[in-house]
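A short write-up of the structure that comes next.
The values are calculated or read from the model by the stated rules, or taken from the named source; none is laboratory data. All of these numbers come straight from a predicted model, not from anything done at the bench. Every residue, glycine among them, receives a Cβ derived from its backbone with ideal geometry; neighbour counts consider all protein chains shown. What goes into the accessible areas is simple: the full protein's heavy atoms, side chains included, and nothing from ligands, DNA or RNA. Shrake-Rupley method; radii C 1.70, N 1.55, O 1.52, S 1.80 Å.
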Amino acid sequence: MIPETMRQELQDRISSAITNREAAVDVMKALQTHYGWLTDEAVVEAAGLLGLSPLQVEELATFYEMIYRRPVGRYVIHVCDSISCWSMGGESLLRQIAGLLKVTVGATTPDGLFTLLPCCCLGNCGQAPAMMIGNSIYGGVTSLEKATDILHQHRRNT
Amino acid sequence: MEQILFQHNKPGRCVTFAEYQTEGGFTALKKALAAMTPDEVQQVVIDSGLRGRGGAGFPTGKKWSFVPRNLPGPRWLICNCDEMEPGTYKDRILLEANPYSLIEGITLACYAIGVRHAFIFIRRGYEQAAANLQRAISEAAAAGLLGENILGSGFDCAIDVHVSAGRYICGEETALMNALEGKRANPRAKPPFPAIKGLWGGPTVVNNVESLANIPYIIANGPAWFKATAATPEAAGMKLFCISGHVTHPACFELPLGMKLGDIIGGPCGGMRPGSSFKACLPGGASTPYFTADHWNIPMDFDPVAKAGSRLGTGGIVVFDHKTCMVAATLNLVRFYARESCGWCTPCREGLPFVVNLLETIESGQGSDEHIEILREHIKYLNYAFCALAPGAMGPVDGLLRHFEDEIREHNRNGKCPCRS
Ligand SMILES: Cc1cc2nc3c(=O)[nH]c(=O)nc-3n(C[C@H](O)[C@H](O)[C@H](O)COP(=O)(O)O)c2cc1C
Ligand code: SF4
Ligand code: FES
């Protein structure tokens, strides 16, 4: 269950929209932030708020790269695997981070801190290879030290 | 060199509202609202020769003129900032440095088309740009430059920012309208074209960030001035070229349209990285057929690039050095498109994974020369797809077959990739 204040905020967002479902992505994102991922419960809650069926919300949720319909770690590491990053060693960055975290791509570390995912171009192609954690985008991650540093920063913040 | 969109840039930070205004910002809006009719604004944009910067290069003023004059009910303007095409990052660079030109440009466009409510559709990952835009919208509204009865002219205009959740197809204009409406972002059939029946069934114009951000300068300085900023008499205006890959200084530069490819790479990009030489590039983002050293002197403008067998696209130039395997690069590109296929139509949903499979076979040295013909046929087949994503995916394959067929044959002959030792 989401807190009453959050429900109210989302209801306000929905009533300011042209149609209810225009707010669907905002609602899904807010619920995802609250639960950590878009849980089954969240899908039903989003549907209730938006006046859609859970299936209609599911149809949207599974469409987007950054809506997680499976449990993820506290930080999701998105490593760009598109062409500019590929040309600058994006594949080895992904391998290195998998090695540092001791997980396979797609998996979550046992402490629940990190999930590692490849992703589409992050719009940081001039500073390839690039990756994103939360709302922070990192560029020029060409050395193992730099990748280690970034991961440490996040570990320290917890 | 003269700069248009980058003229207000401040090192390491975003320009402020006050700075933008002191440097001449919002004078175009004031001028238009005080002394120009919507038709006059539209005409100046038509005369300027501005062509869409989102990929297709459609003349911006002409697009606006397709919106019927006297249809009742709301009409809409959408600014497309989905920017998920690999190799393209110009709109982010612009909005992180200055969101105000876009806000002013959108307001001018709305005035010219008779729109009272615009949306900026911005991708996930561009949160800084989205925050800059939100701030700019509040500042402009507080100064009476946005909202109701702008500058006492009786013209009302509101701008909303919609932050997406990441999917390349949302950038296709009809898929974008579904995404904004909160529906699954599959493209819609055309016709009806958006100018007649678009967002919520109303007439709709979709324009790229860079196209709209140029409008204030065109209105302020006139169409002849704008045209003359280009490098050739045929081209009009300047362009944000964003360069990535194996050059010394990969960055986003505002350069005259029509500047030669070689002058861009050899000039602001500082040439190739030490120890490497130029092999090929994507001239305009992930969906454009490769250029090679033979294209060094092509003017980077819509028509000359098309005549040379590729597309100016988004202006995202991705440069590859002599060590790059072009089969592997093409495989990476088509994999991107196969993953981003929205799944709506069969040629794309089934065809792209098939092409990926063929390229994997060739790249790993298991291919044979018959595969070349099969690839060539698929370039034709994928034109039957429902939207431009699938033909775009085959752009690099087309380039591979035209310029690097020998390299494919070498893979087949050697039984392994010749670029790997
Ligand atoms: C798959 C696909 C993705 C696209 N992505 C974008 C995009 O991110 N930004 C953009 O401005 N145009 C994109 N376009 C082009 C738009 O459909 C449309 O032509 C453009 O926004 C029009 O703006 P303009 O006339 O100012 O160029 C895309 C097209 C396709 C087929
Ligand atoms: S071509 Fe691909 S992206 Fe376009 S409608 Fe068909 S399946 Fe969707
Ligand atoms: S290709 Fe990796 S950020 Fe664009």
Here are the criteria: (1) more than 16 Å from ligand 1 (Cβ to nearest atom); (2) without any contact (Cβ under 8 Å) to a residue 40 or more places away in the chain; (3) open to solvent by less than 40 Å² (accessible area, probe 1.4 Å); (4) on the phi < 0 side of the Ramachandran plot. Tell me which single one A:ASP81 does not satisfy.
(3)
Do any residues in region B:380-399 that are within 16 Å of ligand 3 (Cβ to nearest atom) have Cβ atoms under 6 Å from those of residues that are part of a helix (DSSP H, G or I), where the two are at least six apart or on different chains, and which pairs are they?
B:ALA393/B:VAL334; B:ALA393/B:TYR337; B:ALA393/B:LEU352; B:PRO396/B:THR330; B:PRO396/B:LEU333
One residue from B:THR248, B:THR232 being within 14 Å of chain A (Cβ to nearest Cβ) and among the β-branched types (Val, Ile, Thr)
B:THR248
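Rundown of residues vs (1) open to solvent by 30 Å² or more (accessible area, probe 1.4 Å); (2) within 16 Å of ligand 2 (Cβ to nearest atom), yes/no style:
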| position | (1), (2) |
| --- | --- |
| B:LEU146 | no, no |
| B:ASP156 | yes, no |
| B:GLU173 | yes, yes |
| B:GLU181 | no, no |
| B:PRO187 | no, yes |
| B:PRO192 | yes, no |
| B:ILE196 | yes, no |
| B:THR204 | no, no |
| B:LEU212 | no, no |
How many residues are in contact (Cβ under 8 Å) with a residue 60 or more places away in the chain and either within 30 Å of B:CYS281 (Cβ to Cβ) or of a type in the set (D, E, K, R) (or both) if we restrict to region B:62-98?
21
Restricting to region B:63-96, name every residue that is more than 10 Å from every other protein chain (Cβ to nearest Cβ), open to solvent by 10 Å² or more (accessible area, probe 1.4 Å) and under 18 Å from the mean Cα position of the chain (by Cα).
B:LYS63, B:ASN80, B:GLU96
Residues of region B:129-144 classified as on the phi > 0 side of the Ramachandran plot and part of a helix (DSSP H, G or I), total:
0
So, first residue away from ligand 3 (no atom under 16 Å from the Cβ) and of a type outside the set (S, T, N, Q) in region B:345-357, second residue open to solvent by less than 40 Å² (accessible area, probe 1.4 Å) and not in a helix (DSSP H, G or I), Cβ within less than 6 Å, six or more apart or across chains; the pairs are B:CYS345/B:ALA385; B:PRO347/B:ALA385; B:CYS348/B:SER341; B:CYS348/B:ALA385; B:ARG349/B:SER341; B:ARG349/B:GLY343; B:LEU352/B:SER341
Of the criteria (1) closer than 30 Å to B:MET272 by Cβ; (2) more than 12 Å from chain B (Cβ to nearest Cβ), which one A:SER82 fails
(2)
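Conditions (1) within 16 Å of ligand 2 (Cβ to nearest atom); (2) more than 24 Å from A:CYS121 (Cα to Cα); (3) in contact with an Asp or Glu (Cβ under 9 Å, 6 or more places away or on another chain), marked per residue:
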site: B:SER276; (1), (2), (3): no, yes, yes
site: B:LEU282; (1), (2), (3): no, no, no
site: B:THR288; (1), (2), (3): no, no, no
site: B:PRO304; (1), (2), (3): no, yes, yes
site: B:GLY313; (1), (2), (3): no, no, yes
site: B:LEU333; (1), (2), (3): yes, no, no
site: B:GLU350; (1), (2), (3): yes, no, no
site: B:PRO353; (1), (2), (3): yes, no, no
Scan region A:53-89 for residues that are within 16 Å of ligand 2 (Cβ to nearest atom) and either under 30 Å from B:THR330 (Cβ atoms) or in contact with a Pro (Cβ under 8 Å, 6 or more places away or on another chain) (or both) and report the count.
4
